[in-house]
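Throughout, read-outs are computed from the coordinates displayed, never taken from laboratory work. Please read all numbers here as calculations on a predicted model, not as lab measurements. Heads up, the Cβs are rebuilt from the backbone with ideal geometry, glycines too, and the neighbour counts pull from every protein chain shown.
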Amino acid sequence: FGSSRAFVPARTPAGFSADAMAGLMLVGRLAALLVALATVASAGGARDPPATLDLVRQAVQPLLDEMAEKHNTSFSFGFTNAAGSVGLAGGINDGWTGRPLMPESLIPLGSVTKPWTAVAIMQAVETGKLSLEDSAAQWIDPIIARL
């Protein structure tokens, strides 16, 4: 899990910047770690669930810290198995004070719901429940539509 920066060219063939590719590689490393843990656990190899929690903590926290530093954002992560849960976080919780993000910090959803809404809309389009040509007013609560 060394730095991914050494493997990223200045400009990739797909047109992504080096920073974007580095972020994707970090996310890929995290996903590979989780797949490996799930594979070990499902194969019965994780006979010591508390040790698995320690492994997750040791492997994931540096990734969260690296991603938070590199991309100037914050991340929280949770993992649960038979022995309990691990909550991890990287980045800052308060830009004014520099207070770090903690696993128990509350994070408002804000604009992250837009992709979920888009997926729900596209699923409704696929099933024929609505059309992309429909007027939004057709689907808005009549009271809100009058505002």
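Odds and ends about this structure:
- Here the range 48-105 is treated as a Stokes sphere of Kirkwood radius computed over C-alpha pairs; at 37 °C and 0.692 mPa s its diffusion coefficient rounds to 277 µm²/s.
- Cβ crowding within 10 Å averaged over residues, with 98-107, 59-68, 128-137, 26-35 ranked highest first: 59-68, 26-35, 98-107, 128-137
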